[in-house]
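In what follows, a structure is listed as structure tokens, so that the remarks can point back to it.
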Amino acid sequence: MKDKKKISGLYRQMLLITILPLICMGVVIMAFFYKGFEASMQKEVKNEMKNMAFSIEEAYDSIYPGDYRLVGENYLAVVKGESVLNGHTGYIDSIHKESSMEISLFYEDARILTTLTDGNGERIVGSTAHTIVINDVLKGGRESFYPKADIGGSKYFAYYKPICNSDGSVVGMIELGKPASDIDRMILKAVLPILIIVAAATILVAFITFSYATGITKTIKTLDNSLNSIAAGNLTSDMDAQVLKREDELGHIANSIKYMQKELKNLVEQDALTGIANRRSGEKYLRSLIKQSAANGTKFVVVIGDIDLFKKVNDTFGHEGGDTALKGVAAILKKNVKKSEMAARWGGEEFLIVFRDCTLSLAYERLENILEEIRNTEFDYTDRSIRVTMTFGMQEGSGDMTIETLVRLADELLYKGKQNGRNQICTSDLE
């Protein structure tokens, strides 16, 4: 009886020394992974907002040239150049609709344009920014990012960019907000499979023998290293081949982590709707290509394309029809670029194409073929066919140019093509 109790006690101790460390390690891994992914997601959101704020500022400078100022006596209005801004929310409403971000334009510390609404659906114009934001952005003149900021009584990931007049004075700011609850749900959705996997592994390991514990410990260490690597933002690291070949539960975990790594990579680098690369991937590719060009003179051409009259497509066929057109155009672009090149959705109905090891004239010929294919393709939607055209701005790249400069030049050519009637390729060097 005593021996039986001793054996039973050793069995319980074995379970304890096996399970408790694994539970502790699992908690630490998940906490580290969660925090790492949360930090990575916050950085991604910040960069997205920064790019969006830059685009909005560029758009307002393009649409309304001139400085911001107050005019009027009984009723004060904010004017940019010669145009009154108060009440003209069409542009920010369209951005809000595409990105789900809340957008506000401040003159000094007061909202003059906003997509934010109160409980009655009224826009909350006239409300003021938080004192911290005023000190950091308006008085400090620097862009700022605030996780879990309070905007209109709700928590947002908020980004603020100062707006300056031509004399350099800060006269206002652009505010972008993304609901914190949306980001929290994305993080939870990403880490939940690993929580389940770690819990399952802990239960399974409780039934293995002590002699097998050394091998289990070694395998778990490999998984730990892999999870830490993913949490640190490395989505291309390789898993130990021997671990992946295991035919037990730990092998399943290893393959699940590998699958999760692939899915996270797709989530971060792939556009969810069209299946091609997203803006982040396009910027990463361009950054690498510019470095290569600076080092060895690699020739490349950057193209920004925009589907013509896309709002009309949405109005005619609905947003699902618009999505069909976006996916169809993306498929044509992807088919016509090489593996070493890039086709990415830049945002909304805008696409990025990068032709590598290619002269401007050759890139122009290839782009003409792409445009012709788009013109002649009918995208099937229910029992109807959708046809679209595109306008492209094409800019030759070099190693001494920045991404911002390249995209701006291509955007300017795209805008010129739009003004000249759309459905064309615009490049200054071939005119």
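Tabulated values for the structure
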read-out: Qualifying residue in the range 360-372 (condition: free of Cβ contacts under 8 Å to residues at least 60 places away in the same chain and touching a Lys or Arg at 6+ places or on another chain (Cβ under 7 Å)); value: no
read-out: Lone qualifier among GLY297, GLY318 - being in contact (Cβ under 8 Å) with a residue 12 or more places away in the chain and not assigned by TED's automatic domain parsing to the domain that holds TYR91; value: GLY297
read-out: Some residue of the range 378-394 being under 24 Å from GLN292 (Cβ atoms), in contact with a helix residue (DSSP H, G or I) (Cβ under 9 Å, 6 or more places away or on another chain), buried (at least 22 other Cβ atoms within 10 Å of the Cβ) and at pLDDT below 95; value: no
read-out: Number of positions in the range 405-431 that are charged (D, E, K, R) and touching a residue at least 60 places away in the same chain (Cβ under 8 Å); value: 5
read-out: Test for SER154: is it in contact (Cβ under 8 Å) with a residue 60 or more places away in the chain and closer than 26 Å to GLY348 by Cβ; value: no
read-out: Given (1) touching a residue at least 24 places away in the same chain (Cβ under 8 Å); (2) within 22 Å of LYS418 (Cα to Cα); (3) loosely packed, with under 13 Cβ neighbours inside 10 Å, index of the condition ILE332 fails; value: (3)
read-out: Answer from GLU373, GLU404 - the residue that is surrounded by fewer than 17 Cβ atoms within 10 Å (Cβ to Cβ) and more than 21 Å from THR298 (Cα to Cα); value: GLU373
read-out: Qualifying residue in the range 85-107 (condition: over 20 Å from ILE151 (Cα atoms), more than 25 Å from the chain's Cα centre (by Cα), among the aliphatic types (A, V, I, L, M) and at pLDDT below 90); value: yes
read-out: Selection status of THR316, at pLDDT below 95 and assigned to a loop (DSSP other than H, G, I, E, B); value: no
read-out: Residues being of a type outside the set (Lys, Arg) and not in a strand (DSSP E or B) - total across the range 331-356; value: 9
read-out: Test: residue in the range 57-67 that is surrounded by 16 or more Cβ atoms within 10 Å (Cβ to Cβ) and part of a helix (DSSP H, G or I); value: yes
read-out: Count - residues of the range 94-142 that are buried (at least 16 other Cβ atoms within 10 Å of the Cβ) and either closer than 30 Å to GLU350 by Cα or of a type in the set (Val, Ile, Thr) (or both); value: 21
read-out: Selected residue (criterion: farthest from THR389 (Cα to Cα)) from residues of the range 285-300 that are surrounded by 18 or more Cβ atoms within 10 Å (Cβ to Cβ) and touching a Ser or Thr at 6+ places or on another chain (Cβ under 8 Å); value: SER293
read-out: Which numbered condition ILE307 misses (of (1) β-branched (Val, Ile, Thr); (2) modelled with pLDDT under 95; (3) buried (at least 19 other Cβ atoms within 10 Å of the Cβ)); value: (2)
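The values are calculated or read from the model by the stated rules, or taken from the named source; none is laboratory data. Being a predicted model, the structure only gives us computed values, none of them experimental. Don't worry about glycine lacking a Cβ; one is built from the backbone with ideal geometry, like all the others, and counts go over all protein chains shown.
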